[in-house]
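Below is one structure, written out as structure tokens; comments come after it.
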Amino acid sequence: MVDDMLVVTTDAQAYKMILTETQGRVAIITLNRPKALNALCSELFHEINDALARFDNDSSIGAVVLTGSERA
């Protein structure tokens, strides 16, 4: 049954400081500033807000997970 399969996709939107992907109905935003240990800055907030708005407007997304890259 296709509905039971986990489908992972990487979004086409290009960001400099975050990575986005979807796994089924879950969107994942990964902070990706390992050299800065994922320190927050205005550009990072802008990218997170943009990604959250896109996922919020997507009716196929039921949850969003915010996580950090390996180093931080």
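Just so it is clear, none of the values below were taken in a lab; they were calculated from the coordinates. Note that this is a predicted model, so its numbers are computed, not measured. Neighbour counts run over all protein chains shown; Cβ positions are idealised from the backbone, glycine included.
Protection proxy ranking, highest mean first, for peptides 60-66, 23-29: 23-29, 60-66, where packing is the per-residue count of other beta-carbon atoms within 10 Å, averaged.
For Gly68, the amide hydrogen comes within under 5 Å of the amide hydrogens of Leu31, counting only partners 5 or more places away or on other chains and with H modelled in the peptide plane.
Only loop residues by DSSP count here, and only those with at most 13 other Cβ atoms within 10 Å; note down the GluC sites (Glu not before Pro) in the range 17-72 that meet that. Passing both the DSSP loop test and the Cβ count: Glu70.
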